[in-house]
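Peer 1: A single structure is presented below for examination.
Please treat every number below as a calculation from the coordinates, not as lab data. On a predicted model such as this, the values are computed, not experimentally measured, just so you know. No Cβ is skipped: glycine too gets one built from the backbone with ideal geometry, and neighbour counts run over all protein chains shown.
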Amino acid sequence: MRVAVFSTRPYDRQFLEAANAAHGHELIYHEARLQADSAPIANGCQAVCVFVNDDVDRPVLEILAASGVRLVALRSTGFNNVDLQAAADLKIKVVRVTDYSPYSVAEHAVGLILMLNRKLYKAYNRVREDNFSLQGLMGFDIHGKTVGVVGTGKIGQCFAQIMQGFGSQLLGYDVRQNPTCLEMGMRYVELPELFAAADIISLHCPLLPSTHYLINAESISQMKPGVMLINTSRGALVDTSAVIDGIKAGTIGYFGADVYEEEESLFFEDLSDTVIQDDMFQLLQSFPNVVITAHQGFFTREAFTTIAETTLENITEFEQGLPLSHEVQPPKKVASS
Ligand code: NAD
């Protein structure tokens, strides 16, 4: 099948090429992000292969449908960037990678916790400058602290298992309880109780209309003063402006993020010679108790191998008219983009 692969970087190409040896699809790589003005380059392709910051909204899907595209193959778990109703209306199927190394993202979340708590980003720079002072580097024992896990699916479960290894108390919130998390002693509570009790809060739920700005001024006001907030899930789970106010007020003591609500115009690009126009992002990253990484939680060899293999299997299933193992079902009535 002829496939237009958007948002391609050299590492995407490397792993997709290796996996495609078993499938033989014609992969046409584009560095461009998929959006309305780049969509016409998929002309003549039956499928597009996209990533987290590609815009797969109704206008884009209409252009794709008109040029013969019948499949959107996501190289990601999250599908909040796809208008599923529009895809269903246009008879375009959507497939994703449901299961790839949840360890990659969970371990990255723990990395952010350690980095913020022990101020490793400062310590690294200090020692390189022969500054061996410990002033200002004091952290806290994670052992015995209460960790709140919001979303206890595959990544949330892995994260909880690691934090249990540190000797933390686990609180969980999810719309359905995970038996493995219950077995390891996680106590499920409502969000206000989790916010009030947790020393560390880590977000692992999907971005849905119901979870948009889950972290806002009101929820931040319910948190323990000095709480550590970690977001490796999706940027818009968090109202960044409210987080900035929370950091200034001291309610949020540490903020670690691998995602940002306006990341589309920033992440995955080298903008080091550019004047960044996003004032909110610049203010956020100016704080000494904030660490931001550019959506790299998934970026391990193991995750990339599985992403590439599953993506090509998804495309082959579609081409051969087989049942789609990883289809994202269109919303019933309530949109869940
Ligand atoms: P998953 O489907 O296994 O788990 C998601 C969990 O969230 C489920 O248990 C679900 O019941 C729960 N949930 C749904 N609605 C909820 C709500 N309103 N409140 C609380 N919980 C709710 O998914 P996963 O593989 O664990 O991935 C979780 C998220 O991580 C993805 O949706 C994606 O946004 C993010 N992610 C980030 C990266 C990265 O590189 N940073 C990589 C992969 C995934």
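Peer 1: Report, by chain and number, residues whose modeled amide H sits under 5 Å from the one on Q169, excluding near sequence neighbours (fewer than 5 apart, same chain).
Peer 2: Result for Q169 returns G144, K145, T146, V147.
Peer 1: Between G165, G151, G250, which gets the highest mean-square fluctuation from a Gaussian network model of the chain, Cα cutoff 10 Å?
Peer 2: Checking each option, the largest mean-square fluctuation is seen for G165.
Peer 1: Separation between the Q222 and R128 pseudo-spin-labels, each 7 Å from Cα along Cα→Cβ, expressed in nm?
Peer 2: Taking the two extended label points, one gets 4.1 nm.
Peer 1: Measuring from the lowest to the highest alpha carbon on each principal axis, how far does the chain reach, largest first, in angstroms?
Peer 2: Cα extents, longest axis first: 61, 47, 35 Å.
Peer 1: Where the centroid of each part is defined by its Cα atoms, how far is segment 15-74 from segment 245-292 in Å?
Peer 2: About 30 Å separates the Cα centre of segment 15-74 from the one of segment 245-292.
Peer 1: Right, next: Please state the charge dipole magnitude for the chain, taken about the Cα centre, from unit charges on C-beta atoms (+1 on K and R, -1 on D and E), reported in debye and rounded to the nearest 20. Don't skip to the end; give the middle numbers.
Peer 2: On the way: 25 positive and 40 negative charges, 147 e Å.
Roughly 700 debye, rounded to the nearest 20.
Peer 1: Using only DSSP helix segments of four residues or longer, with each worth -39500 (n - 2.57), what per-residue ellipticity at 222 nm results for the chain after dividing by its residue count and rounding to 500?
Peer 2: Computed ellipticity for the chain at 222 nm equals -10000 deg cm²/dmol.
Peer 1: Give the relative contact order (percent, whole number) for the chain; include only Cα pairs under 8 Å separated by 6+ residues.
Peer 2: Details: 627 pairs, mean separation 63.1, N = 337.
Over the chain, the number comes to 19 percent.
Peer 1: Another question, if that's okay. Hey, with R₀ at 56 Å, roughly what FRET efficiency would M184 and E26 work out to, going by the Cβ-Cβ distance, to 0.05? Please list the in-between numbers first.
Peer 2: Values: r = 46 Å, r/R0 = 0.83.
With a Förster radius of 56 Å, E is 0.75.
Peer 1: In degrees between 0 and 90, to the nearest 10, how far off the longest principal axis of the chain does helix 102-117 point, with axes built from Cα atoms?
Peer 2: The answer is roughly 30 degrees.
Peer 1: Mind checking which of E129, E309, E26 has the largest fluctuation in a GNM of the chain, springs on alpha carbons under 10 Å?
Peer 2: E129
Peer 1: Right, something else. Distance check, please: which entries in K119/K248; K119/K145; K119/K154; K91/K332; K119/K224 exceed 25 angstrom between their Cα atoms? Intermediate results must be reported in sequence, preceding the final value.
Peer 2: Values: K119/K248 19 Å; K119/K145 18 Å; K119/K154 28 Å; K91/K332 15 Å; K119/K224 20 Å.
Distance filter (> 25 Å) returns K119/K154.
Peer 1: Could you give me the ³J(HN,Hα) list for segment 218-233, computed from phi with Karplus coefficients 6.51, -1.76, 1.60 and θ = phi - 60°, whole Hz, x at Gly and Pro?
Peer 2: 5, 5, 5, 5, 8, 7, 5, x, x, 4, 9, 10, 10, 10, 10, 9
Peer 1: Sticking with this one: Roughly what would the spin-label model give for L208 and T274, points 7 Å off Cα along C-beta, in nm?
Peer 2: About 3.3 nm, to one decimal.
Peer 1: Still on this model: Mean separation of Cα pairs under 8 Å and 6+ residues apart, divided by the residue count of segment 16-112: what relative contact order is that in percent? All intermediate terms of the calculation are to be shown ahead of the outcome.
Peer 2: Details: 119 pairs, mean separation 22.7, N = 97.
That works out to 23 percent.
Peer 1: Any chance you could give the angle, 0 to 90 degrees and rounded to 10, that helix 301-319 forms with the longest Cα principal axis of the chain?
Peer 2: 30 degrees
Peer 1: In degrees between 0 and 90, to the nearest 10, how far off the longest principal axis of the chain does helix 240-249 point, with axes built from Cα atoms?
Peer 2: Approximately 10 degrees, to the nearest 10.
Peer 1: Beyond 20 Å, what share of the Cα-Cα pairs of segment 102-292 is found? Please give it as a whole percent. Mind showing how you got there, number by number?
Peer 2: Values: 9915 of 18145 pairs.
Summing the P(r) of segment 102-292 above 20 Å gives 55 percent of all pairs.
Peer 1: Continuing with the same structure: Over segment 232-282, what is the mean sequence separation of C-alpha contacts under 8 Å (at least six apart), divided by residue count, expressed as relative contact order in percent?
Peer 2: Values: 27 pairs, mean separation 22.6, N = 51.
Relative contact order for segment 232-282 comes out at 44 percent.
Peer 1: Listed highest first by mean packing, meaning other Cβ atoms within 10 Å per residue, what order do 317-326, 267-276, 78-87, 177-186 come in?
Peer 2: Values: 317-326: 12.8, 267-276: 10.1, 78-87: 20.1, 177-186: 14.7.
The packing order, highest mean first, is 78-87, 177-186, 317-326, 267-276.
Peer 1: With springs only between Cα atoms under 10 Å apart, run a GNM on the chain and tell me which of Q14, Q157, Q277 wobbles the most.
Peer 2: Among Q14, Q157, Q277, the largest GNM mean-square fluctuation belongs to Q277.
Peer 1: Here's something else I'd like to know. What residues qualify as long-range amide H neighbours of Y188, i.e. H under 5 Å apart, gap of 5 or more or another chain, H built at 1.01 Å from N?
Peer 2: G172
Peer 1: Also: So what are the ³J(HN,Hα) numbers for segment 266-281, from phi and the Karplus equation (6.51, -1.76, 1.60; θ = phi - 60°), rounded to whole Hz, Gly and Pro as x?
Peer 2: 10, 6, 6, 10, 8, 10, 5, 9, 10, 8, 5, 8, 8, 5, 5, 5
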